[in-house]
1. Within the bounds of the stretch 117-130, is there any residue that is open to solvent by less than 20 Å² (accessible area, probe 1.4 Å) and over 19 Å from GLN56 (Cβ atoms)?
2. How many residues are small (Gly, Ala, Ser) and closer than 20 Å to LYS442 by Cα if we restrict to the stretch 688-725?
3. Residue check: is ASP749 among the acidic types (Asp, Glu) and over 28 Å from ASP505 (Cα atoms)?
4. If the Cβ limit is 6 Å and pairs must be 6+ apart or interchain, which residue in the stretch 659-670 that is touching a residue at least 40 places away in the same chain (Cβ under 8 Å) pairs with which residue that is part of a loop (DSSP other than H, G, I, E, B)?
5. Being touching a Gly at 6+ places or on another chain (Cβ under 7 Å) and either without any contact (Cβ under 8 Å) to a residue 24 or more places away in the chain or on the phi > 0 side of the Ramachandran plot (or both) is the filter here, so list the residues in the stretch 188-226 that pass it.
6. Is it the case that some residue within the stretch 488-500 is open to solvent by 40 Å² or more (accessible area, probe 1.4 Å) and modelled with pLDDT under 90?
7. Could you tell me how many of the residues in the stretch 173-195 are open to solvent by 20 Å² or more (accessible area, probe 1.4 Å) and under 17 Å from GLN56 (Cβ atoms)?
8. Does the stretch 292-314 include one or more residues that are β-branched (Val, Ile, Thr), more than 27 Å from ILE432 (Cβ to Cβ), touching a His at 6+ places or on another chain (Cβ under 8 Å) and touching a residue at least 24 places away in the same chain (Cβ under 8 Å)?
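The values are calculated or read from the model by the stated rules, or taken from the named source; none is laboratory data. Since the structure is predicted, the reported quantities are computational estimates derived from the model, not experimental observations. Positions of Cβ are backbone-derived with ideal geometry, glycine not excepted, and every protein chain shown enters the neighbour counts. Accessible surface areas use protein heavy atoms only, side chains included; no ligands, DNA or RNA. Shrake-Rupley method; radii C 1.70, N 1.55, O 1.52, S 1.80 Å.
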Amino acid sequence: MRVVISILFVTCLLFSLPALGIESPPAPYVGSKSCRECHERFYGLWSSSMHGLAMQPYTETLAKEKLSPQNEDVVIGKQHYRADVGGGSVLETDVDGKKKQYKIEYALGGKNVFYFLTPLDKGRLQTLPVAYDVRKKEWFDTALSGLRHFPGQHGGSEAPVGWQEYPYTFNTSCYGCHVSQLATNYDQKTDSYTTTWKEPGINCETCHGGSETHNAIMRKLPKGEKPADDSDLGLIRTKKFTPVQHNDACNSCHSKAMPLTAGYKTPERFFDHFDLVTLENSDFYPDGRDLGENYTQTSWRMSPCVKGGKLHCVTCHTSSGRYRFKKENFNNACLPCHEERVKNVAAHSHHSVESEGSKCISCHMPKTEFARMQRTDHSMLPPTPATTIAYQSPNACNVCHTDYDAAWADKLVRQWRQRDYQAPVLKRAALIEAARKREWSKLPEMLAYISDPKSDEIFVTSLIRLLAHCEDQTIIPALSIAFNNPSPLVRGAAVEALGHSPSMDLLQDLAAAAGDDYRLVRVRAAAALAQFPNIRPQGRAKENVDNATDEYLAALMARPDSWDAHYNLGNYYLGQNRPKEALVEYDIAYKHEPQSVLTLVNAAMAHAKLGETGKAEEKLNQALQIAPNSTVALYNLGLVKAELGDLGAAEKNLSAAFKSDPQQANAAYNLCILTAKDRPGEALDWCKKAAALRPLEPKYASLLAFYQQQGEDSSAAINTLETLISRVPAYPDAYLLLAEIHEKQGEKDKAVKVYKQALAVEGISPKAKEFINARLEAGRSK
């Protein structure tokens with residue numbers, strides 16, 4: 001038997017994560033100052049709010065009123081940085097004493113932190129390497145503060161990103177939620193920007209639409225008069241929004257999301273323009289609490305209050321972002337649904353009425369901090385110190401009571417509440433944690449959770465996405481059930497997951513999903529169907545698939561200035577067997593982001609499809625220079641080396657891939673084949689590992705049985721095959737090998753029984769049954 005050269009094509013779709021901005025549509029926007037004429041009070045509230053000041057020009061007044069001098073350099077690598085607050089610049093000094101000055105053009109934020117922008121080449125506005133902590137009144141390293149610290153992973157933290165790299169380019173990263181009516185104006189040929197916006201900050205017209213028509217209508221009317229019909233006001237009336245429309249309008253910025261289009265406008269639907277990051281991302285703890293910066297919506301959708309359908313963002317916040325309820329009526333935000341608890345707050349909270357602990361948000365919306373920015377947990381779930389014990393996630397009790405531990409808090413909340421409200425949270429967090437670690441012993445529980453219509457939308461989506469790493473075919477029925485989930489987020493995740501290992505049986509379901517009411521689901525269906533370049537549905541289904549494919553390709557290029565747009569388009573071309581076009585896109589992606597291992601790995605796959613094995617090897621070696629322990633690069637390099645006949649190097653790289661990821665069953669499988677010729681005992685061990693890791697992958701168990709028989713352990717081979725048949729009854733090779741073993745042992749009756757058993761199984765193809773029947777007749781004639 002030979003090494004199976006089945007190069008692993010990395011099909012995951014990557015998008016920039018923060019919810020992104022809008023391309024300026026052809027609408028009559030005239031700016032917020034035009035609102036001031038009639039709405040002086042609202043203009044004053046807006047202009048001084050964090051929405052109005054989301055971005056502002058750097059001025060002498062701002063510097064004097066908001067900033068303090070930087071007295072010590074911030075050292076980043078070999079460079080020293082110091083802000084000249086009065087001069088409006090940041091000075092860079094290298095080890096040789098060479099100096100370079102960067103002008104501060106704009107300031108971002110200001111509630112917790114001020115970030116600063118400077119103009120660079122090709123129209124880029126870049127976030128400067130020093131930022132200002134408003135509360136502590138001190139300067140700090142922008143990039144270092146933003147590192148995610150993952151317990152037990154990657155040595156505990158990420159590596160910092162250089163301040164001049166694309167994640168800190170304002171034009172391609174955070175701009176869309178800091179300015180209004182923006183046009184990126186990116187030129188791909190020159191890789192440059194002529195970015196424009198109507199005004200800095202989030203203005204009135206962001207939610208109400210262009211106001212030129214409204215202004216003209218109102219100026220024609222006598223002062224104080226309104227049109228008889230509200231619909232004649234000439235702008236979008238947010239007061240008429242449903243709760244979902246309110247939430248979608250706010251979440252277009254307040255989400256860790258993946259863009260599907262170049263622009264969102266109120267009152268459009270969120271999932272027609274974005275996908276949402278959930279707990280598959282390690283910026284979340286397994287129980288859903290924030291670890292990195294997650295922009296609110298993911299936790300918000302976990303809130304029981306939100307699920308009730310009445311609560312929305314503007315229930316508690318004004319349109320400018322302020323909290324609606326005054327200090328003396330702080331808990332009234334929770335009325336009328338929780339009137340009894342609000343009236344008897346001390347009995348409910350176990351804290352005195354006057355204390356911070358009796359504010360509803362103290363226990364249900366505690367503040368945590370990341371990158372020096374405080375954020376409020378919007379899941380509104382009660383404190384769960386048990387998850388702190390299990391996963392080190394924060395809980396409200398110990399956020400305040402820092403002198404006590406989580407065990408103390410856990411004991412108290414269990415005394416206070418007869419119902420164990422923590423149990424469901426612990427259970428679903430355990431499923432997320434197991435799925436992240438690819439521990440599939442809990443797979444039946446995961447599938448049961450996914451299939452339960454009462455399960456939480458965010459956790460279901462997260463589990464489905466994490467199951468992309470699971471090769472067990474029993475996931476398919478649960479994913480098929482999720483196709484009909486009422487949530488477009490869940491449906492989109494299910495479609496995408498099935499697209500990772502598509503089969504002919506699922507084509508009809510995927511084609512149906514291409515006609516879904518939500519763009520998110522349609523785009524995910526088109527991505528899955530793109531892997532079947534030679535199969536096209538007919539009639540109405542064809543029209544749906546064609547339209548969805550157009551939306552999919554448009555989604556890939558919604559952000560042509562980002563590396564991942566070109567990486568994803570390259571994946572599309574590679575799936576369509578168009579490797580030359582894929583290489584063009586991978587080359588663009590690599591120029592944008594030379595640290596992307598996945599770009600290099602998939603470029604290697606494109607070269608392999610073209611028969612350019614040497615170039616494939618070169619790309620994989622390049623990937624390993626960036627990430628020496630990359631499992632996917634090591635694995636594919638092992639297969640390329642085997643293709644080139646260098647079996648020693650193939651074994652070395654496949655072994656390294658398995659060491660990097662002990663769940664890599666494919667590496668173990670190929671190592672079994674590689675070592676079988678001269679080290680049968682070692683080969684058998686590799687086969688056992690592969691079969692144990694993927695007990696429902698029939699080729700692994702079948703190969704194990706083959707080598708067990710080769711090693712003259714027929715009883716073990718028979719046991720392996722009988723177990724395989726019980727798990728995967730429609731796998732014909734298992735019956736053929738089992739019958740062959742019985743025949744070699746002279747057990748003709750047992751062989752005949754196996755052949756007949758196979759012929760009675762539904763799911764085995766007619767062609768395979770024809771071959772099995774021929775073997776049966778040949779055996780009878782001997």
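1. Yes, there is a match, as at least one residue in the stretch 117-130 is open to solvent by less than 20 Å² (accessible area, probe 1.4 Å) and over 19 Å from GLN56 (Cβ atoms).
2. Residues of the stretch 688-725 that are small (Gly, Ala, Ser), as a first pass: 690-692, 701-702, 705, 711, 714-717.
From what's left, closer than 20 Å to LYS442 by Cα: 690-692.
Final tally of qualifying residues: 3.
3. Numbers: among the acidic types (Asp, Glu): yes; over 28 Å from ASP505 (Cα atoms): yes.
Spelling it out, ASP749 is indeed among the acidic types (Asp, Glu) and over 28 Å from ASP505 (Cα atoms).
4. Hits for this filter: GLN663/ARG438; ALA665/ARG694; ASN670/VAL3.
5. Result: GLY201, HIS214, ILE217.
6. Residues of the stretch 488-500 that are open to solvent by 40 Å² or more (accessible area, probe 1.4 Å), as a first pass: 496, 500.
Adding the requirement that they be modelled with pLDDT under 90 leaves 500.
Looking for residues that are open to solvent by 40 Å² or more (accessible area, probe 1.4 Å) and modelled with pLDDT under 90, one finds at least one in the stretch 488-500, hence yes.
7. 4
8. Here is the first cut: in the stretch 292-314, the residues β-branched (Val, Ile, Thr) are 296, 298, 306, 314.
Now restrict to residues that are more than 27 Å from ILE432 (Cβ to Cβ): 314.
Remaining after also requiring touching a His at 6+ places or on another chain (Cβ under 8 Å): 314.
Applying the additional criterion that residues be touching a residue at least 24 places away in the same chain (Cβ under 8 Å) yields 314.
Yes, that holds for at least one residue.
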